[in-house]
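The values are calculated or read from the model by the stated rules, or taken from the named source; none is laboratory data. These figures come from a predicted structure and were not determined experimentally. Every residue, glycine as well, gets a Cβ built from its backbone with ideal geometry; the counts of neighbours run over all protein chains shown. Ligands, DNA and RNA are stripped out before the accessible areas are found, and what is left, the full protein with its side chains, is counted by its heavy atoms. Shrake-Rupley method; radii C 1.70, N 1.55, O 1.52, S 1.80 Å.
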Amino acid sequence: MMDMEIAGDVASLDPELLQLPEVSPLALKANPHIAEDLFSQWLSLKDTGRLVKSLLDDAKAGNPLNVHGGSTSTNAASSNSLPSMFPAGSGPPLSPRSTSGSPRIMKRQGAGPSSLGSPLKLINESVREVIPQFYFQNGRPPTKELKEQCLSRIDQFFFGHSDGLQVNEFKSVTKEICKLPSFFSSCLFRKIDIDNTGIVTRNALVDYWINNNMLTVDLATLIFTILKQPDHKFLTQEDFKPVLRELLATHPGLEFLQSTPEFQERYAETVIYRIFYYVNRSGNGHLTLRELKRGNLIAAMQHADEEEDINKVLRYFSYEHFYVIYCKFWELDTDHDFLIDRENLIRYGNHALTYRIVDRIFSQIPRKFTSKVEGKMGYEDFVYFMLSEEDKSSEPSLEYWFKCIDLDGNGLLTPNEMQFFYEEQLHRMECMAQEPVLYEDILCQMVDMIGPEKENYLSLRDFKNCKLSGNVFNILFNLNKFMAFETRDPFIIRQEREDPTLTEWDRFAHREYIRLSMEEDVEDASNGSADVWDESLEAPF
């Protein structure tokens with residue numbers, strides 16, 4: 001093994017380093033095998049083996065290496081001098097790596113042997129550059145100025161509260177000192193009050209917030225740390241429930257729900273399902289810190305804390321959006337057992353979906369149902385379905401429907417797979433006395449719309465790179481939206497361009513909320529009161 005390593009080193013040997021006064025370096029460069037033979041012969045000497053072993057023993061023991069660098073000096077014949085295979089002790093010494101230190105060059109300049117000595121000695125004597133610490137396991141410690149400023153603010157809030165603060169007095173600390181949304185107050189309080197005393201003292205806050213270096217941590221990491229369980233490296237749906245409970249109890253836009261706790265629970269569940277739909281991209285129910293940082297949840301939480309009208313917080317927290325989702329579910333769940341079967345879902349959107357796509361959904365291809373009842377989807381499953389159906393421009397939706405169409409699960413959509421779903425659309429058009437569009441024509445239209453890298457199949461990347469990709473899915477299994485796309489109103493297109501910040505889901509939820517509100521007003525006027533809900537689940541809207 002050692003011979004192999006030596007042979008590799010010899011191949012790159014610089015003839016200048018051999019320092020052979022009787023052999024020309026130019027000759028060695030022209031005939032590198034001469035240098036290799038000389039070096040191999042020198043290594044085979046017994047004295048060389050003893051010297052190398054001595055040097056290795058000294059290196060292992062941590063002793064300073066005493067290697068003489070000169071060959072022409074009379075002092076070279078010491079106990080550690082290099083064994084020579086040449087007469088008169090003219091063998092190659094352990095020379096410096098730089099040619100400027102070569103004894104041959106020094107001779108020409110009239111100087112003595114190199115004073116640099118062994119290259120090993122050079123390494124030992126090199127000055128080490130001090131690299132400042134850049135990783136801190138518990139976070140970067142705050143600067144002295146930042147620490148003093150925070151301590152001063154803490155003293156102000158605890159002035160007159162020498163015994164500490166109770167949970168109802170802690171909201172200002174959460175918002176002003178910790179810079180967290182106010183509805184994190186109870187969660188943060190319990191995180192500091194580990195003994196459940198009902199009191200957080202000044203010293204306890206200083207120890208948790210300053211001594212744990214929470215001052216210098218970014219907001220996403222703060223929220224992640226406060227919400228997660230101590231033994232977890234991820235967030236679950238349960239971790240968000242305390243925050244949602246406090247939001248429902250304190251937000252002025254949700255105050256009207258306080259008399260109906262059952263709908264408070266449904267609202268909280270819907271918000272959490274929406275969060276995991278968009279943010280938990282792995283879809284495993286374990287929301288990681290990286291996913292939290294990549295999503296827009298933190299900004300939505302801050303918006304909800306600052307905005308009194310909760311319906312203006314379109315991301316996750318809008319009550320109107322919850323209302324639309326829950327009413328749709330209630331309309332389909334005719335027996336109100338909080339479960340939906342195939343026949344219920346086929347009625348969605350005025351029978352807009354094909355049987356084949358509904359079968360794929362209930363085969364749990366795009367997503368495993370959380371419902372424990374065979375052949376039925378629960379409320380969480382319906383939320384995922386509805387968000388995917390009504391906004392096919394989002395990445396979660398594209399992935400949801402792509403899995404449905406990908407019959408063999410190879411990650412590619414072929415013309416045959418798409419034709420399987422379009423056949424039912426074609427049959428429905430014929431039954432409705434509409435002029436059918438042949439599959440060959442519609443396939444060309446879909447390919448032109450997507451602009452795939454390979455024309456013989458469509459990949460998920462192709463769909464994500466195209467803004468019109470959602471229309472391809474509508475063509476394949478949603479006849480109502482397919483017809484609407486073919487006869488789209490230019491006025492609606494102009495409206496969408498005027499406010500590009502609104503998603504397809506935002507526009508749909510707004511239209512549906514207006515429609516549902518008008519229907520309820522009509523029923524109230526005709527019946528005196530809307531008899532839509534069971535007495536146990538009376539709507540608070």
| Residue match in the stretch 289-303 (condition: over 30 Å from residue 221 (Cβ atoms) and of a type in the set (A, V, I, L, M)) | no
| message | Being in contact (Cβ under 8 Å) with a residue 60 or more places away in the chain and surrounded by 15 or more Cβ atoms within 10 Å (Cβ to Cβ) is the requirement here; does residue 236 meet it? | response | no
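Check 248, 244 and return the single one that is in contact (Cβ under 8 Å) with a residue 12 or more places away in the chain, more than 27 Å from residue 399 (Cβ to Cβ), open to solvent by less than 30 Å² (accessible area, probe 1.4 Å) and part of a helix (DSSP H, G or I). So that I can check it myself, show each step before the final result.
Numbers: 244 fails: more than 27 Å from residue 399 (Cβ to Cβ).
After ruling out the rest, the residue left standing is 248.
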| Residues that are surrounded by fewer than 22 Cβ atoms within 10 Å (Cβ to Cβ) and in a loop (DSSP other than H, G, I, E, B), drawn from the stretch 386-411 | 391, 393, 394, 406, 407, 408, 409, 410, 411
| Which number in (1) open to solvent by 50 Å² or more (accessible area, probe 1.4 Å); (2) without any contact (Cβ under 8 Å) to a residue 60 or more places away in the chain marks the one condition that residue 381 misses? | (1)
| query | Considering only the stretch 310-319, how many residues are of a type outside the set (A, V, I, L, M) and farther than 13 Å from residue 268 by Cα? | reply | 3
| Is it fair to say residue 483 is part of a helix (DSSP H, G or I) and at pLDDT below 90? | yes
| task | Provide a single number: the residues in the stretch 50-77 that are part of a loop (DSSP other than H, G, I, E, B) and either at pLDDT below 55 or open to solvent by less than 80 Å² (accessible area, probe 1.4 Å) (or both). | result | 11
| query | For residue 137, all conditions in the list (1) modelled with pLDDT of 85 or more; (2) in a loop (DSSP other than H, G, I, E, B); (3) among the polar types (S, T, N, Q) hold save one; what is the number of the exception? | reply | (1)
| query | So residue 204 clears everything in (1) open to solvent by less than 50 Å² (accessible area, probe 1.4 Å); (2) under 25 Å from residue 305 (Cα atoms) except one condition, right? Which one? | reply | (2)
| query | If you take the residues of the stretch 337-347 that are open to solvent by 10 Å² or more (accessible area, probe 1.4 Å) and touching a residue at least 24 places away in the same chain (Cβ under 8 Å), which of them is farthest from residue 422 (Cα to Cα)? | reply | 338
| field | Residues located in the stretch 203-214, provided they are assigned to a helix (DSSP H, G or I) and either out of contact with any Ser or Thr (no Cβ under 9 Å at 6 or more places or on another chain) or among the small types (Gly, Ala, Ser) (or both) | value | 203, 204, 205, 206, 207, 208, 209
| Somewhere in the stretch 266-273, is a residue outside any helix (DSSP H, G or I), closer than 30 Å to residue 349 by Cα, open to solvent by less than 60 Å² (accessible area, probe 1.4 Å) and not aromatic (Phe, Trp, Tyr)? | no
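Here is a yes/no grid of residues against (1) open to solvent by 50 Å² or more (accessible area, probe 1.4 Å); (2) among the aliphatic types (A, V, I, L, M):
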residue: 435; (1), (2): yes, no
residue: 442; (1), (2): no, yes
residue: 448; (1), (2): yes, no
residue: 451; (1), (2): yes, no
residue: 456; (1), (2): yes, no
residue: 459; (1), (2): no, no
residue: 468; (1), (2): yes, yes
residue: 480; (1), (2): yes, no
residue: 485; (1), (2): no, no
